[in-house]
Amino acid sequence: MLMVGGYVRTSDVGYVGDERDGRAGIIRQQEDVVGLAKLVGCRVHRIYEDNDTSAYKRHVKRRGFEQLILDLGAGVIHGVLAYSVDRIARQPRDLERLIDVYEQARRPMIFATTVDDCDLSTAEGRFQARVYVTVANKFSADAARRVARQKLAEAADGKPHKGQRAFGWKDAEHIDEREAELLRKARADVVRGKRLATVHQEWVRQGVRGPQTPPGKTISYSSVRYVLRNPRLCGYRSYVPQEVRERSGRVDPVEYLVERTDGTPVKGRWETIFEPAEWRELIDVLDARANPGQGRTAGSTVTKRLLTGIARCARCGNGLSSGVYARGTASCEKYGYYYYCRKADGGCGKLSRSGPPVEDHVEAVLLDNLRTRASDVPHAAAGDPELMRAKETLRQIEADKAEARQLRADGLFSLAEFAREIRRLEDLERQHRERVGGGSAMPECAGLAAARVLREWETYTPDMKRQEIMRSVEAVMIKPAGKGGAQRGMFRPDLIEIVWK
């Protein structure tokens, strides 16, 4: 009795709550294969399974199918049983790979399905199988086109994406407060200068996992970047066509916002984590960092020193590089690293200064400057009443829009009532955003910002401190010490001039 392989496959297992279960389909196909083996008079060596796997999409790897081809070619099995040919192949090239094995075999082979009359061990059967797969491929292409159009229509209507939940939400509509708090803190930190790589390291230490994180792993850097750029955070709907996903893999969702005919983004029907202005501010910061800047090696996410790209040689104006003292020297033990004017970068090569004393001096002067700015604003801690009222009004508008969507979902609003209410709230939202700066992130009073930085300075990472220095300082000019002075280990602050913006 010949040993054969049974092949079973479903295209998808469905989503939570849609009353579909892919395992049930797999089990039914297995029962059909076992019954077919009894009719044909062979024994099933193994069931090759591809659950929740498309046979039509070009870049999907079917592990069960690939193993089936290998075992068939190696003689482990002597045939294939399946429910139908389109379970095995919906792309002609996959069928041809299987046909090649049958045509080259020099041994008895079996091929049978429960619903199709085709046998790959005969010329007539191979012809029929090719016709079946060609027709199935056409049906799949037509279905894919209809589904894509339906998904685009749903996106334009603001309906949430079906499928796996997004990071920050428990389901399609409701926020996961733990993940939402991580996102809020990450946004605030990145805007204040923290590197995305640092945020990723913090999340890894906390054991943060995303919906698509493999078992036993923590969230990846690319996933952190993706979730922070997701327009869904502020309620904007995006739509990435399936063919783009298959061709390019994970893409930037910012480039695929769904817009109305007037050019405004479509707002979705789910709870939001950021305000649109907050999200746009974050995207602007991330985009500004996309190109390698001064003080970083191309492709690096970390700036080596606090003043790299800020400190300059007062003699020639060239930006200073940093180096490490030779191990075992007194300077290495005391300071570790230094700034110097590098000839290879076009500098004069005649300046060198130990790093930590210069950084400590610049940091102390900056904090004194911030204290002055904070004290110059009376009642700074109380905040700007106008801005506070505007923020509160915008938050209330977001809450009212969410309530209107819920009333519509519960059937308590007619479609006309819902449309009028959403239009009224959006008009009101635009008016308030124009009052606080044309829809950009609300400006923070300089005195309040200085007071906040002073309070939080000790918690800042080096990247965040760099960002704050760059907001206030144009350059730190370091003058040559001449003979004596710095050469004898004496720090001279008079040789450092800070150029303020």
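Nothing in this text is a laboratory measurement; each read-out follows from the coordinates by a stated rule. Here the structure is a predicted model, which means the values were calculated and not measured. Cβ sites come from the backbone with ideal geometry, for glycine too, and all protein chains shown count toward neighbours.
For this structure, a couple of remarks:
- On Cα atoms only, tilt of 177-191 relative to the major axis of the chain in degrees: 50 degrees
- Potential lengthening between Ile27 and Glu66 on full extension [0.36 nm per residue; Cα-Cα distance subtracted]: 12.0 nm
- Gain in span if fully extended, Met3 to Arg184, counting 0.36 nm per residue against the direct Cα distance: 59.3 nm
- Once the chain from Gln396 to Thr372 is taken as fully extended at 0.36 nm per residue, the excess over their C-alpha distance is 5.1 nm.
- Three-way shape call for the chain based on the alpha-carbon gyration tensor, with the a/c threshold at 1.5: oblate
- Computed from backbone phi with θ = phi - 60° and the Karplus coefficients 6.51, -1.76 and 1.60, the 3J(HN,Hα) list for segment 196-212 is 4, 4, 5, 4, 4, 4, 5, 5, 5, 4, 7, x, 5, 10, x, x, 9 Hz; x is used for glycine and proline.
- Packing, taken as the mean count of other beta carbons within 10 Å per residue, orders the peptides 54-62, 191-199, 80-88 from highest to lowest as 80-88, 191-199, 54-62.
- Using θ = phi - 60° in the Karplus curve 6.51 cos²θ - 1.76 cosθ + 1.60, the 3J(HN,Hα) couplings for segment 421-430 round to 5, 5, 4, 4, 5, 5, 4, 5, 5, 4 Hz; x is entered for Gly and Pro.
- Sequence-distant aspartates and glutamates (8 or more away, or on other chains) whose Cα lies within less than 14 Å of Lys138: Asp86
- Estimated inter-spin distance, Asp284 and Asp157, nm [label 7 Å along Cα→Cβ]: 3.5 nm
- Each Lys and Arg contributes +1 and each Asp and Glu -1, all at the Cβ; summed about the Cα centre of the chain, the dipole is approximately 1920 debye.
- Between Glu103 and Ile47, the distance separating the two model label sites (each 7 Å from Cα on the Cα→Cβ line) works out to 3.3 nm.
- Helix 92-104 and the long axis of the chain differ in direction by around 50°, with both axes built from C-alpha atoms.
- In this structure, Met388 and Ser472 have a Cβ-Cβ separation that, at R0 = 22 Å, corresponds to a calculated FRET efficiency of about 0.30.
- Neighbourhood net charge (9 Å Cβ-Cβ; Lys/Arg +1, Asp/Glu -1) for Cys341: +4
- Computed FRET value (nearest 0.05) for Leu428 with His59, which takes r as the C-beta separation and R₀ as 41 Å: 0.35
- Folded to 0 to 90 degrees: helix 446-456 orientation relative to the chain principal axis, Cα: 80 degrees
- Spin-label model, Phe127 to Glu333: label points 7 Å out along the Cα-to-beta-carbon direction sit 9.2 nm apart.
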